[in-house]
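Shown next, in structure tokens, is the structure this report addresses.
The values are calculated or read from the model by the stated rules, or taken from the named source; none is laboratory data. Just so we're clear, the structure is a prediction, and the values are computed from it rather than from any experiment. Methodologically, a virtual Cβ is constructed for each residue, glycine included, from the backbone with ideal geometry; neighbour enumeration extends over all protein chains shown.
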Amino acid sequence: MSPIELPCTEQEASMEDAPFPLTLPQGGIYLDQLRRPGSPCYNVGGYLRLGCVDPERVVSAHSSLVRAHDVFGLRFVATGDGLRQYLSDTRDDGLPLVDLSDRRDPEEAADRWIEQQFQVPFEIDERELFRAWLLRLGPSRYRYVGLAHHLIMDGWGFSNWARELAALYDGEHSASPVPWSDIASDDADYLAGPRYRADTEFWTERFKRKSTPVFAWRQGTGDRRSERHRVSLDAGRVGLLEDAARRHGVSPAHVLLALFSLSVGVGAERHELTIDVPFHNRRSAQRRRMLGVFVNMVPLRVEASGERSFAELVEGIAREQKACLRHQRCPSSHMAPLGRGSEGLFDIAFNFLGLEGSVRFEGAPAELVYVSHRHEQRALMLTYWATPGADGAELQLDYGLAHFDEAGVRRLAERICHLIDALPALGGSRLDQIDLLPDAERRLLLDGFAEIDLESDQEVCLHTMVERRAESDPQAVAVSYGEVGISYSQLNGAANALAETLIGHGVGPETLVGIHLPRTIDLPIAVLAVLKAGGSYVPLDQNHPQARLRALIADCGVKLVLGDQDSEPFLRDCGVTPISVTRREGSRTSAPNPRVAALSARNRAYVIYTSGSTGKPKGVEICHRNAVALVRWAMRTYSREDLAKVLASTALSFDLSVFELFAPLACGGEVVMVRDALELLERKVEATLINTVPSAIRVLIDQQRIPAGVRAINLAGEPLPQRTVNDLIEGGLCERVYNLYGPSEDTTYSTCARFDSVVDTAPSIGCAIAGTRAYVLDRHRRLAPFGAKGELYLAGEGVARGYLGRPDLTELRFLPDPYSGDAGGRLYRTGDLVRYRRNGELEYLGRIDDQVKVRGFRIELGEVRAVLERHRDVSCACVICKEDPVAGTRLVAFVEYGNTAIDPMALALELRRRLQDELPSYMVPAAIVPLEKMPQTSNGKVDKASLMTLEVAVADAPMQRPEGDTEKRLAAIWAATLGIEVARVGADSSLFDLGGDSLLLVRMANEVEQSFGVSLTLRDLFAVTDLRGMARRIEAETSANQTYRYLEARLRSADVLSEGAL
């Protein structure tokens, strides 16, 4: 580009050189750009697609355009009086020609070239802030490209740029714009006047009730790039928007914003959204024609509660916009409750953009295309783009790659189009009754992620699978305990003999039989014997308190209990008949398989008790067909080698034991009985598969006691930390890790995720296993949109019969399945919160009742826990809500670190910083408590009840006191500048968290210079994050100044000496 100097009088030159304040939009943009150094996030513009034009006339028109408008000469500088701008006498009015006509595909080459230019950031301090080029694609194909920093141009201004260029090309004279200094002066008058005070009072009142980001749960990825997805709307869909607008007495923009809010809000389970909407802020016809930046992003609060009708939603949006329109001039950074950081608070935006009149060159329409810089600050922005005279319109969805992928945004666009098509029927519909899902997404959610079901014999019973294996491989070792082992033939024979005894006592189909035995070879014999007799076994764990066992016996009404001689007195005292299990060597293989004529796969196989929310345990009734489906899945998923020696370490009362016993016995493997998984710490045990909870495997990892022959490790029963997976894989401790999820009510396992390599995110719980269907449903039990939070419901072959003797509770948790099409199909409501990840796997988010509100903010405790567990030194974490009589409800995090070499206080501080980096401040716990060992329940899960009883000082985050002269003096300056008590300023305090803003930054710099003799720029102030960082910067600058003065004095002294010598 060639520099030119604009001719002007001496008086005009002095006026142009005089700096003047930034306008209100410019001030916010300048400071936010400082927060994002090197980012092109404020690049604005696009290109005009031109046909047969005279390139020289385009160059001339561009030169006239640059000379005619102040914005092309604006320069920005930070002075002692604050941020200022001035008009430079020098402007580059050249228009370089870039010839791409020789490329194989000039259009594609032009797209790539333009995209690259829009990702080159501007230097904003005293630099020119626009660029332009003319691209030649062929003899009659050109593109005029205009690019500017948002400090001097907005989207409306760029459309004016395009129209003005066309007018100048046709020989018209440029209209005289309002001097930019007058625009800045007008804003200064506004700030000093009553209208500004009224506007800030309006917004203060508006946001007394806090708003939270919609996509805060996806923070921490670090990816700041964005992409744009385009959708063409034909004339029919545009007509539907216009017709709906007429019916409701609003504009098409209000209708589309309602559909957008519905699509995003329902998907995110948000009934209230705050959406940034650009208001052009051009309050006169003259300003509407000007080039420059006037736009202000105004937050609109959209109420989309389910009981409202669509008509009420649309009309409410129109009223909200009208109310906000009167106060649009107040920048969001001045809205007191929002303060600095509001640009990150409202993470979705909406724009309805259309040109006022068409752009034509040589009588032909020239298409105006806005270009994305691919660094959109918000998670999601929808732009409706209409060109005058065009038959249709275009939807542009700009999305952050930290939040969405192309498939996810495409699904969102399809939902919006689906709702546009449904507009004629939506008017009176309640929002919670509107079907959001297009057919393609519905099919994906119903059928897209589950394993293919296997053909199976529906009438096979659980013990029959073991009998078949005993016939085919009778001498193989079936069960071992220590040095003792029995073959399949011996196991089957011993179980047959005991089954005959049970039948003699009247046991048959549906008869409950208790099992109260130690963990020896007798245990699987007893289990098989009850099943063979047609009965249902009820685990009565010898390690459980006797009071609990009495309650279980009374609840289920069991009359017979298999036990050993030591347990007989207790069992008789409970009013049941004990049957002693004694293996007799001679009878192990002789007894034939009993035949119980009335027994079928639909009969009950066992009852396992789980904890109840009311404190009363509830017995889950599992039928043979449920358990057989689990075993068939296991035989498909694991090889014979994997199941060759399965460690049976789980109590019979915990449903993981069903897998440990029957998966190996159904395929000829060996059940390796141990007391529990921690027995591996005491003796060497051969195993090929370990099936346990993550907390137990953590201990084995730390103590290096995982057997060398282990091929696969199943982890279930509690959230699986990322670190545990990576330690197992990286350490070569196994070939594969399986994260298995499932409630007892769906027969042990419902979903499965397999890991063969290290993972860089929290492990998912995978997809539904064969024979199981998983549905993510909203609070109305409708399919939740892909990626949205919802409650997990399970269906298929694993769904239990219900709760023993609890028809009311069964009816509440086991519901008709409306999605399978199977008559009599049922859903189990898990109470677990999940969402689909991008790859179609389910992410576990915690219990529904883990969703809490603290200071008005809704928080998923599982999300906080997941961040903590990503730390390398944290084995597991638990986050709870505690009530403090003074501070109210606060979050408290407990973390298990295990390694005694770790400093717990240092770990707590490090974890707090990580949480502050990845989560909004309201989600950071008030206290983080490191524990060497997390308390556990008898089933190996974290004992939250015990954590609730721990004395924890729930107080504000610890503050580091300023140390040393520089920090203490600087703290006093901060306090005086911010108007707060110096006691509130810590060494780790953030200036902005304490209420600092752009104006105070300038004052702060001046105070620092006067107190320390150090000159800090605004960029310096943004580069430090806390008081201690600023103090170090001051000390470094002071040291450099002292060195300079010392050297200068030495040089002067040397000069004096030289002169004296002469």
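Scanning the stretch 311-330 for residues that are of a type in the set (A, V, I, L, M, F, W, C), at pLDDT below 90 and in contact with a strand residue (DSSP E or B) (Cβ under 6 Å, 6 or more places away or on another chain) turns up nothing.
No other residue among G427, G485 is touching a residue at least 40 places away in the same chain (Cβ under 8 Å) and within 30 Å of I521 (Cβ to Cβ) apart from G485. In this structure, is T577 modelled with pLDDT under 90, assigned by TED's automatic domain parsing to the domain that holds V530 and among the β-branched types (V, I, T)? Considered against the rule, which asks whether it is modelled with pLDDT under 90, assigned by TED's automatic domain parsing to the domain that holds V530 and among the β-branched types (V, I, T), T577 comes out as no.
Of all residues in the stretch 527-540, those that are in a strand (DSSP E or B) and aliphatic (A, V, I, L, M) total 1. Exactly one residue out of R636, R640, R683, R705 is surrounded by fewer than 19 Cβ atoms within 10 Å (Cβ to Cβ) and closer than 19 Å to T464 by Cβ, and it is R636.
Here L137 qualifies as buried (at least 18 other Cβ atoms within 10 Å of the Cβ) and free of Cβ contacts under 8 Å to residues at least 40 places away in the same chain.
Evaluation of Q377 against the conditions (1) surrounded by fewer than 22 Cβ atoms within 10 Å (Cβ to Cβ); (2) within 21 Å of Y142 (Cα to Cα); (3) touching a residue at least 40 places away in the same chain (Cβ under 8 Å) shows that the sole unmet condition is (2).
Using the structure shown, decide if A762 is touching a residue at least 40 places away in the same chain (Cβ under 8 Å), within 20 Å of the chain's Cα centre (by Cα) and under 18 Å from R847 (Cβ atoms).
For A762, the condition - touching a residue at least 40 places away in the same chain (Cβ under 8 Å), within 20 Å of the chain's Cα centre (by Cα) and under 18 Å from R847 (Cβ atoms) - is met.
Per-residue answers, yes or no, for (1) within 30 Å of H871 (Cβ to Cβ); (2) at pLDDT 90 or above:
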{"residue": "G236", "(1), (2)": "no, yes"}
{"residue": "L241", "(1), (2)": "no, yes"}
{"residue": "R247", "(1), (2)": "no, yes"}
{"residue": "L256", "(1), (2)": "no, yes"}
{"residue": "S261", "(1), (2)": "no, yes"}
{"residue": "V266", "(1), (2)": "no, no"}
{"residue": "R270", "(1), (2)": "yes, no"}
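For the stretch 113-131, a tally of residues being loosely packed, with under 13 Cβ neighbours inside 10 Å and either under 32 Å from the mean Cα position of the chain (by Cα) or part of a helix (DSSP H, G or I) (or both) returns 2. Can you spot a residue in the stretch 540-556 that is crowded, with 18+ Cβ neighbours inside 10 Å and more than 44 Å from the chain's Cα centre (by Cα)? Checked the stretch 540-556: at least one residue is crowded, with 18+ Cβ neighbours inside 10 Å and more than 44 Å from the chain's Cα centre (by Cα).
A single member of A1049, A955, A1040 is surrounded by fewer than 13 Cβ atoms within 10 Å (Cβ to Cβ), at pLDDT below 75 and either in contact with a strand residue (DSSP E or B) (Cβ under 9 Å, 6 or more places away or on another chain) or not hydrophobic (A, V, I, L, M, F, W, C) (or both), and it is A955. Picking from residues in the stretch 1-35 that are at pLDDT 50 or above and in contact with a Lys or Arg (Cβ under 8 Å, 6 or more places away or on another chain), the one that is farthest from E362 (Cα to Cα) is L34. The single condition among (1) modelled with pLDDT of 95 or more; (2) assigned to a loop (DSSP other than H, G, I, E, B) that N543 does not satisfy is (1).
Looking only at the stretch 668-678, decide whether some residue is closer than 28 Å to Y897 by Cβ, assigned to a helix (DSSP H, G or I) and either touching a Leu at 6+ places or on another chain (Cβ under 9 Å) or modelled with pLDDT of 95 or more (or both).
Yes, the stretch 668-678 contains at least one residue that is closer than 28 Å to Y897 by Cβ, assigned to a helix (DSSP H, G or I) and either touching a Leu at 6+ places or on another chain (Cβ under 9 Å) or modelled with pLDDT of 95 or more (or both).
In this entry, T212 is excluded by the filter for residues that are β-branched (V, I, T), more than 30 Å from D760 (Cα to Cα) and out of contact with any helix residue (DSSP H, G or I) (no Cβ under 7 Å at 6 or more places or on another chain).
Highlighted here are the helices (runs of 4 or more DSSP H) found entirely within the stretch 223-340 that include at least 1 residues which are over 23 Å from A425 (Cβ atoms): 285-288, 310-325. If you go through the stretch 805-814 and pick out every residue that is in contact with a helix residue (DSSP H, G or I) (Cβ under 9 Å, 6 or more places away or on another chain) and either under 26 Å from A770 (Cα atoms) or surrounded by 23 or more Cβ atoms within 10 Å (Cβ to Cβ) (or both), you end up with 2.
Every test in (1) surrounded by 18 or more Cβ atoms within 10 Å (Cβ to Cβ); (2) over 17 Å from Y828 (Cβ atoms) is passed by A768 save one, and that test is (2).
Among the residues of the stretch 593-611, the one identified as among the basic types (K, R) and in a strand (DSSP E or B) is R604.
Could you tell me whether the stretch 509-526 includes any residue that is in the same structural domain as H624 (by TED's automatic domain parsing), of a type in the set (S, T, N, Q), part of a loop (DSSP other than H, G, I, E, B) and under 49 Å from the mean Cα position of the chain (by Cα)?
Among the residues of the stretch 509-526, at least one is in the same structural domain as H624 (by TED's automatic domain parsing), of a type in the set (S, T, N, Q), part of a loop (DSSP other than H, G, I, E, B) and under 49 Å from the mean Cα position of the chain (by Cα), which makes the answer yes.
At least 1 residues being at pLDDT 90 or above, farther than 30 Å from A318 by Cβ and touching a helix residue (DSSP H, G or I) at 6+ places or on another chain (Cβ under 7 Å) is the threshold, and among the helices (runs of 4 or more DSSP H) wholly inside the stretch 352-459 those reaching it are 439-447.
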